[in-house]
Amino acid sequence: MTSGLLLLIGASIAVLVTGWIWYPRHMARRGARVPALVPPDPPSWPAVSVVLATREPTPRIVQRLQNLRELEYSARALQFVVALDATVAERQEAVQQALGSGVVVVHGGAAGKASALTAGVHAAAHELLLFVDTAQQFAPDALSLLVSAVLREGWGAATATLQPTSGDALMDRYWRRELAVRLGQASRHSVICVTGCAYVMRRQFWRDMPVGLICDDLWSTYSVVTGGARVAIVPGARVVDPRRFSREQELARRLRTMTGLLQFVLWFPGILSAHRNPMLIDFLLHKLVRPLTPLLLLVTGLATFGLLWRESPGLASVLTTAGASAGLASWILAGMGEGRLPRMARTGIFAGQLLFMPLKALAFAAAGRWDVWRPHH
């Protein structure tokens, strides 16, 4: 009994340490050795179809297209396709009139970004596809750097680098760490997920997205790597998101992403096959350890309690009571207004909410509840 509990504790801690400490550091060291890319000369720029999936108001679409037209890329080489969400399909004619005949406007056949993207690709004319969202802004050389990356032999897609400019110190540190990990992944094989608001893909690797799919970014990467190519991340291709999210909104965004990850595993279990997925080890350590973390911590805690109970029931009871009290206090503090708590306390509670948020995603996945997307303005 004791040896079994010790083995359980050791295995759980080993997975956590590998996924949260060793793997990120190892990937960051690999990524630091990635050389910078040089964009091609203007005569070598191939034609690109820009696919913007959106349900934002027309003025925001106009503003986004203006930024894309100002890129250091031949304007004549760009085709613009605006793919409206099916929930705003009635706006198609008005949007078309506002954007003019130089932009193709279509709409998805069903609600959701996946359906809109599929409709947009069907309307695209060129071999290279640039996928963008409405809110972000590209650096002038972002597209040329992405194209130069994807034109290399063996590469099927290349994603830009979204700058950590949220204004939240905790989330910016997390994102900088994430970018370092992605660089290492690409140096080994491929990033696990493209940045959905900014990536270029070769059309030959496109596969129509299933209706209701949440993680379109993971689908695109999976389509490329199962098609025999690699997915790059380009540090110099900078993208900025000027929006600022509250921590409550950030939690909602993370919940959506985590639920989408679990949806993907349930819908496409082949991603867990080493034969089909050359990114399997990276996927397990970088993605699946995250939703499993609360469960691994729970297993570790219960096994530790079992060991303590065998040796000293009194001590086990005291520690359990202390842990339950700390959890109750955190729950009460989390319900208080942010202005009533010290900054360090707010950050600690937010970190705890992020850590245990996967439990809610697991509950959604178990119930098959996939409608978790909510827009933030």
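I want to confirm something. Restricting to segment 231-283 and keeping residues that are out of contact with any Lys or Arg (no Cβ under 9 Å at 6 or more places or on another chain) and in a strand (DSSP E or B), which single residue is surrounded by the fewest Cβ atoms within 10 Å (Cβ to Cβ)?
Val240
Which fully enclosed helices (runs of 4 or more DSSP H) of segment 57-147 have 2 or more residues being closer than 22 Å to Arg243 by Cβ?
Filter on segment 57-147 gives 58-69, 113-123.
Residues of segment 148-194 being among the aliphatic types (A, V, I, L, M) and assigned to a loop (DSSP other than H, G, I, E, B), which ones?
Those that are among the aliphatic types (A, V, I, L, M) and assigned to a loop (DSSP other than H, G, I, E, B): Leu151, Val191, Ile192, Val194.
For residues in segment 60-92 being of a type in the set (Lys, Arg) and surrounded by 15 or more Cβ atoms within 10 Å (Cβ to Cβ), which is farthest from Glu127 (Cα to Cα)?
Arg91
Let me confirm something: among Ala361, Ala334, Ala345, Ala367, which residue is among the small types (Gly, Ala, Ser) and modelled with pLDDT under 60?
Sole residue among the options that is among the small types (Gly, Ala, Ser) and modelled with pLDDT under 60: Ala334.
Anything in segment 166-179 that is surrounded by 14 or more Cβ atoms within 10 Å (Cβ to Cβ) and touching a residue at least 40 places away in the same chain (Cβ under 8 Å)? List them, or say none.
If the condition is that a residue be surrounded by 14 or more Cβ atoms within 10 Å (Cβ to Cβ) and touching a residue at least 40 places away in the same chain (Cβ under 8 Å), then Ser166, Asp168, Leu170, Met171, Arg177, Leu179 are the ones that fit.
Test of understanding: among Gly352, Gly306, Gly314, Gly339, which residue is modelled with pLDDT under 65 and in a helix (DSSP H, G or I)?
Sole residue among the options that is modelled with pLDDT under 65 and in a helix (DSSP H, G or I): Gly339.
The values are calculated or read from the model by the stated rules, or taken from the named source; none is laboratory data. The shown structure was predicted, so the numbers you read here are calculated from the model rather than taken from an experiment. Don't worry about glycine lacking a Cβ; one is built from the backbone with ideal geometry, like all the others, and counts go over all protein chains shown.
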